[in-house]
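To start, the structure itself, in structure tokens.
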Amino acid sequence: MIYLHIFLALFIPGILGYGGGPSSIPLIEAEVVDRYHWMTVQEFSEVLAMGNALPGPIATKMAGYIGYSQGGVLGAIVAEFATVAPSLILMIALLSLLMKHKESPRVKNMTTVVRPVIAVLLGVMTYDFIFQAYHDFGIWQMLFIGVVSFILMEKVKVHPAYVIAGALVYGGFFLA
């Protein structure tokens with residue numbers, strides 16, 4: 001029964017606070033503190049502080065901790081699924097709708113308009129990463145990682161996941 005309660009406690013805020021952002025935090029607090037009494041307000045604020053200190057969506061980090069504290073590893077899995085399920089269901093529904101109407105001129109025009117926007121957003125993100133890397137590590141480290149990554153992926157055909165892992169190891173040992 002605890003797993004059903006964990007699921008409901010995190011699924012309902014996931015529906016109402018779509019996206020798992022800060023808007024869902026009061027909803028999660030209402031379920032965890034007020035409804036199920038799994039935590040006090042102080043304990044919840046500590047979980048919130050811990051969730052804010054870690055990278056990634058806050059709702060999923062909090063859900064993992066809350067689920068684990070109430071139901072162990074299975075509770076954490078149920079909590080994580082309950083948190084992402086509303087977004088997952090909506091994405092699948094929208095994708096099926098999009099696939100149903102993929103031959104529609106309106107859908108084709110929409111994808112034609114969206115592609116340049118995505119390209120610009122990725123370009124801006126890349127610029128920000130390059131600027132941050134230059135500022136934090138210097139031009140030579142940035143160029144070294146960039147050139148080696150390019151050679152490994154384009155010439156040697158190493159999978160990008162291995163290149164990213166290698167860059168993380170390099171950064172951890174030589175740039176920390």
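Please treat every number below as a calculation from the coordinates, not as lab data. Note that the structure is a prediction, hence the values are computed from the model and not measured. In this analysis, Cβ positions are derived from the backbone assuming ideal geometry, glycine residues included, and neighbour counts consider all displayed protein chains.
In whole Hz and in residue order, list the ³J(HN,Hα) couplings for the stretch 44-53 that follow from phi through the Karplus curve 6.51 cos²θ - 1.76 cosθ + 1.60, θ = phi - 60°; x for Gly and Pro.
5, 5, 5, 5, 4, 5, 5, x, 5, 6
When only Cα pairs under 8 Å and 6 or more residues apart are kept, what is the percent relative contact order across the stretch 31-167?
On the way: 58 pairs, mean separation 11.6, N = 137.
With pairs under 8 Å counted, the relative contact order is 8 percent.
Calculate the spin-label point distance for L54 paired with I139, positioning each point 7 Å from the Cα along the beta-carbon direction, and give it in nanometres.
Distance between label points: 4.0 nm.
How many angstrom separate the Cα center of the stretch 129-176 from the Cα center of the stretch 1-58?
37 Å
From the Cα gyration tensor of the chain, with a ≥ b ≥ c the square roots of its eigenvalues, which class applies: rounded if a/c is under 1.5, or else prolate if a/b is larger than b/c, or else oblate? It would help to have the intermediate numbers written out before the result.
Working: a/c = 2.40, a/b = 1.37, b/c = 1.75.
Verdict is oblate for the chain.
If you put +1 on each Lys and Arg Cβ and -1 on each Asp and Glu Cβ, how big is the dipole of the chain around its Cα centre, in Debye rounded to 20? All intermediate terms of the calculation are to be shown ahead of the outcome.
Details: 9 positive and 10 negative charges, 182 e Å.
The calculation lands at about 880 debye.
When we measure straight from the Cα of K100, which lysines land under 24 angstrom away, once same-chain ones fewer than 8 places off are left out?
K108
Explain nothing, just compute: Karplus ³J(HN,Hα) = 6.51 cos²θ - 1.76 cosθ + 1.60, θ = phi - 60°, for every residue of the stretch 134-147 in order, whole Hz, x for Gly and Pro.
Values per residue, Gly and Pro as x: 4, 5, 7, 10, x, 5, 6, 5, 4, 5, 4, 5, x, 5 Hz.
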